[in-house]
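Only one structure is covered here, and it is reproduced in the block below.
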Amino acid sequence: MDAADLLTGDRLLNDDGSKAEVVLSDVLAEPLRAYNLTVEGAGDKAAGGVNPALL
């Protein structure tokens, strides 16, 4: 799922198995800096330190 498709009320699964609810979703129509990353090895990946206000 793309972050732009998240809606208020959607539930996300944290890496520790707990759940988090999206309380606000807003799509910005402006250019932003983005990076494409390649990670070697198998397994699930998670982003740490995500500000819940940005979800």
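The values are calculated or read from the model by the stated rules, or taken from the named source; none is laboratory data. No experiment lies behind these values; they were computed from the predicted model shown.
Looking at region 32-43, is at least one residue modelled with pLDDT of 80 or more and in a strand (DSSP E or B)?
Looking for residues that are modelled with pLDDT of 80 or more and in a strand (DSSP E or B), one finds none in region 32-43, hence no.
For residues that are assigned to a loop (DSSP other than H, G, I, E, B) and on the phi < 0 side of the Ramachandran plot, tally how many sit in region 2-31.
19
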